[in-house]
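K.L.:
Have a look at this one before I ask anything.
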């Protein structure tokens with residue numbers, strides 16, 4: 001058998017590739033500069049500083065990362081002062097076996113100045129800017145991933161504005177400024193769904209290990225995924241989960257044998273702290289006449305609703321399961337768990353289901369999508385601006401519950417068409433040609 005030699009690149013092709021590489025490098029440098037500049041001029045980043053500073057202190061000063069002093073330093077970096085009432089204290093609540101994710105940032109901030117003292121001065125805002133770049137990339141990947149999962153190819157112009165929405169919506173910007181790991185959690189959640197859909201069970205199990213924190217964000221989602229995996233008897237998922245978590249736990253105990261008790265203590269302290277929002281507190285503020293003894297009715301009703309949807313999503317239709325996962329993530333902030341605005345970024349993929357169904361099932365779907373797009377883009381920013389100008393708790397509460405309610409309403413508005421798409425004559429013609 002004779003193998004044909006791969007043709008060499010022509011000089012024009014080499015010049016074109018060089019130009020593309022040069023432009024990409026310039027864009028990347030500009031993005032890094034912009035993010036570092038924003039990190040220096042805009043306060044925040046406490047979620048990132050908490051983990052980064054804990055890792056840095058552990059690696060280079062041999063200080064327990066769950067120490068109270070580490071949290072105080074994160075507060076100083078984020079707020080410029082120690083935490084006051086209602087502010088996030090930024091206690092480290094990530095288990096030690098997942099902290100190696102932050103090791104490269106600690107090494108950048110400490111190793112480069114040590115190696116090149118006259119050339120590199122890496123202040124915290126630099127590593128925060130690099131973290132922001134990774135988060136922005138993760139948001140774009142999430143947008144791409146959810147479109148692949150639901151098998152929707154929108155028009156090019158709408159695809160571009162959808163990607164822009166993933167970066168510039170209020171909840172995305174809030175998550176980027178705070179440096180929350182919720183963006184990567186969202187990427188992991190839908191990476192798990194993508195792996196399950198493509199029968200990559202061991203990969204799905206390994207990704208499940210990486211999501212074992214921020215229970216207020218994804219506890220119900222993980223319960224749904226585990227329940228479905230158990231129902232379908234996909235034991236390879238549990239094999240992948242078990243292998244990775246055993247390796248990570250062994251490494252973590254070799255590096256820091258006594259991390260469990262300080263981690264639990266820090267997590268319990270964080271639970272007792274009053275920051276963020278709960279749906280019951282917002283309900284009582286918005287409707288003061290509502291009887292406080294009956295606040296539990298809404299969370300219980302939502303749990304019953306989820307139970308029904310989980311039960312009906314047992315079938316082989318993976319679209320139904322994706323819809324149920326998005327609904328679960330949207331319901332979670334309203335169940336009663338205390339959460340933060342930056343954590344609501346995990347609800348973003350639900351928008352793709354709503355936009356896709358509107359386009360596919362309504363005659364002027366893109367015009368209706370444009371209206372929904374403007375609502376989800378402009379209204380939260382309007383609430384935020386008014387809350388800042390008028391120092392109003394009312395608009396802050398609206399900002400907290402608007403996104404979950406919008407996603408839940410939109411998912412139920414499009415539920416029938418997304419889960420049970422009507423079979424028209426044109427559908428039969430398309431299916432016969434494929």
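The values are calculated or read from the model by the stated rules, or taken from the named source; none is laboratory data. Every value quoted in this text rests on a predicted model; they were computed, and no experiment measured them. Methodologically, a virtual Cβ is constructed for each residue, glycine included, from the backbone with ideal geometry; neighbour enumeration extends over all protein chains shown.
K.L.:
Select, from 272, 338, the only residue that is farther than 30 Å from residue 416 by Cα and in contact (Cβ under 8 Å) with a residue 12 or more places away in the chain.
P.N.:
Working: 272 fails: in contact (Cβ under 8 Å) with a residue 12 or more places away in the chain.
Within the list 272, 338, the selection yields 338.
K.L.:
Hey, another quick one. Do we have residue 323 as within 24 Å of residue 226 (Cβ to Cβ), over 21 Å from the mean Cα position of the chain (by Cα) and in contact (Cβ under 8 Å) with a residue 12 or more places away in the chain here? Spell out how you get there, then give the answer.
P.N.:
On the way: within 24 Å of residue 226 (Cβ to Cβ): yes; over 21 Å from the mean Cα position of the chain (by Cα): no; in contact (Cβ under 8 Å) with a residue 12 or more places away in the chain: yes.
Here the answer is no, as residue 323 does not meet what is asked.
K.L.:
Looking only at residues in region 56-77 that are assigned to a helix (DSSP H, G or I) and within 14 Å of residue 93 (Cβ to Cβ), which one is farthest from the chain's Cα centre (by Cα)?
P.N.:
Going residue by residue through region 56-77, those that are assigned to a helix (DSSP H, G or I) are 56-61, 68-77.
Still in the running and within 14 Å of residue 93 (Cβ to Cβ): 68, 70-71, 74.
Values: 68: 27, 70: 24, 71: 23, 74: 21 Å.
The extreme case among them is 68.
K.L.:
May I ask you to list the residues in region 237-271 that are under 30 Å from residue 304 (Cα atoms) and in contact with a helix residue (DSSP H, G or I) (Cβ under 8 Å, 6 or more places away or on another chain)? Steps first, please.
P.N.:
Kept after step one, since they are under 30 Å from residue 304 (Cα atoms), are these residues of region 237-271: 237-238, 241, 267-268, 270-271.
Correct list: 237, 238, 241.
K.L.:
Could you please find all residues in region 275-293 being assigned to a helix (DSSP H, G or I), without any contact (Cβ under 8 Å) to a residue 60 or more places away in the chain and over 25 Å from the mean Cα position of the chain (by Cα)? Give the steps one after another, and end with the answer.
P.N.:
So in region 275-293, the residues assigned to a helix (DSSP H, G or I) come out as 279-286, 292-293.
When the remaining residues are screened for being without any contact (Cβ under 8 Å) to a residue 60 or more places away in the chain, the result is 280-281, 283-284, 292-293.
Selection gives 283, 284, 292, 293.
K.L.:
In region 86-96, is there at least one residue being at pLDDT 85 or above and in a helix (DSSP H, G or I)?
P.N.:
yes
K.L.:
If you don't mind, another one. Out of 380, 333, report the one residue that is part of a helix (DSSP H, G or I), out of contact with any strand residue (DSSP E or B) (no Cβ under 9 Å at 6 or more places or on another chain) and under 30 Å from residue 274 (Cβ atoms).
P.N.:
Working: 333 fails: out of contact with any strand residue (DSSP E or B) (no Cβ under 9 Å at 6 or more places or on another chain).
So the residue among 380, 333 that is part of a helix (DSSP H, G or I), out of contact with any strand residue (DSSP E or B) (no Cβ under 9 Å at 6 or more places or on another chain) and under 30 Å from residue 274 (Cβ atoms) is 380.
K.L.:
Something else now. Can you name every residue in region 390-421 that is out of contact with any helix residue (DSSP H, G or I) (no Cβ under 8 Å at 6 or more places or on another chain) and modelled with pLDDT under 90?
P.N.:
Answer for region 390-421, where residues must be out of contact with any helix residue (DSSP H, G or I) (no Cβ under 8 Å at 6 or more places or on another chain) and modelled with pLDDT under 90: 390, 391, 416, 420.
K.L.:
Taking only region 127-161 into account, find how many residues are under 15 Å from residue 349 (Cβ atoms) and not in a helix (DSSP H, G or I).
P.N.:
4
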